[in-house]
1. Using label points projected 7 Å from each Cα along Cα→Cβ, tell me how many nm separate residue 5 and residue 236, to one decimal.
2. Where the centre of each part is set by its Cα atoms, how far does the range 302-369 sit from the range 183-258, in angstrom?
3. Give me the angle, in degrees from 0 to 90, between the Cα long axis of helix 135-149 and the longest principal axis of the Cα atoms of the chain, rounded to the nearest 10.
4. Take the Cβ-Cβ distance between residue 103 and residue 20 as r, set R0 to 25 Å, and report the resulting FRET efficiency rounded to the nearest 0.05.
5. What's the angle, to the nearest 10 degrees (0 to 90), between helix 36-48's Cα axis and the longest principal axis of the chain?
6. Calculate how many DSSP beta bridges within the chain are antiparallel, expressed in % of all such bridges and rounded to the nearest 5.
7. Sort the following peptides by mean Cβ neighbour count (other Cβ atoms within 10 Å, averaged over residues), highest first: 346-352, 317-323.
8. Rank the residues 215, 241, 44, 201 as a footprinting-exposure proxy: fewest other Cβ atoms within 10 Å of their Cβ go first.
């Protein structure tokens, strides 16, 4: 599968943008602030439901706009040799209300119903947070992995998030208003039961994801870092009873009872999938404490490439790869190594501040983002086109040109 066209409305810096793409490697280059990363970020959001640059989707909507729209046309080769299938996927991020989605302009769906259909994996300098950062970065990776590899994951995650918010609201109510305590306590018992039920299912899914990532992650890290280099992944669920008991629900219920007073005092859920983590180990030790910057970069790269391999194997689709501003920080050997990987993929997007940062590759497509931004401005502003024409006429007259 590859993307043939991307259209944006009120997404980040792009009020409107339409750009066509080809299979293979596409380089988008230009000075910082032109919006090159915003272009590839939109593809990541449509593909995975999340961004490597933001913890929520709200910042992706232009200020003062009610919504942002991402639309992509895709082409996918048919397995039986027939003509490629062309599909249009569209998501609308709303400042208020649920985010929506459409396929081929059809009926409206929830956004979570289509994420993962255009499989996409992004790698950026910020991905060192997967090793050294707080657990939220690693949970985001788990969530993106789940969306790409388990059809039920997005809906299950949404349910768990909703239940956790409702339960936290009741905990705050219990702590602030004693007169509502009987009703709130009854509601809390119901939400706790649902939280345990959905949380157990989500924890099992995440445990399965980590188990499947372990082998390719260790193998890819050793191949990149050198012989004898050992890296591992370890899942650390907040509901650790799920890994210890065949029927963990009763154990979790008793644990919540022990935590009840503390949860009411703080007004928050003290355990749950929203507190999960995944540890990256280097030679058996936590990498966040001992790894160098170079080792963290390689560990993060191995994580993303392990996910790429898993998606390709389990879904039979070569995921779209996004390499966002990574080449400027690499030596020539690493640049060549990444380009060799990119050359074998169906579609790769690379962003760079300078075109010279990217090693030449046969058939590589290059887009000057400054020129793209100017063409979009003129295309969507008739007055600007007229002003541009008059200015060119004035310059010609000043220089005596016909």
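Read-outs: derived from the displayed coordinates by stated rules, not from any lab. Nothing here was measured: the structure is a model prediction, and the numbers come from that model. Quick reminder, even Gly has a Cβ in these numbers, built from the backbone with ideal geometry, and neighbours come from all protein chains shown.
1. 4.8 nm
2. Using only Cα atoms, the two centres lie 31 Å from each other.
3. So the helix axis and the longest Cα principal axis differ by about 80 degrees.
4. Numbers: r = 20 Å, r/R0 = 0.81.
After rounding to 0.05, the efficiency reads 0.80.
5. 40 degrees
6. Numbers: 38 of 56 bridges.
In the chain, DSSP labels about 70 percent of beta bridges as antiparallel.
7. Details: 346-352: 23.4, 317-323: 21.7.
So the order, starting with the most tightly packed, is 346-352, 317-323.
8. Details: 215 13, 241 21, 44 25, 201 16.
Arranged by neighbour count, lowest to highest, 215, 241, 44, 201 become 215, 201, 241, 44.
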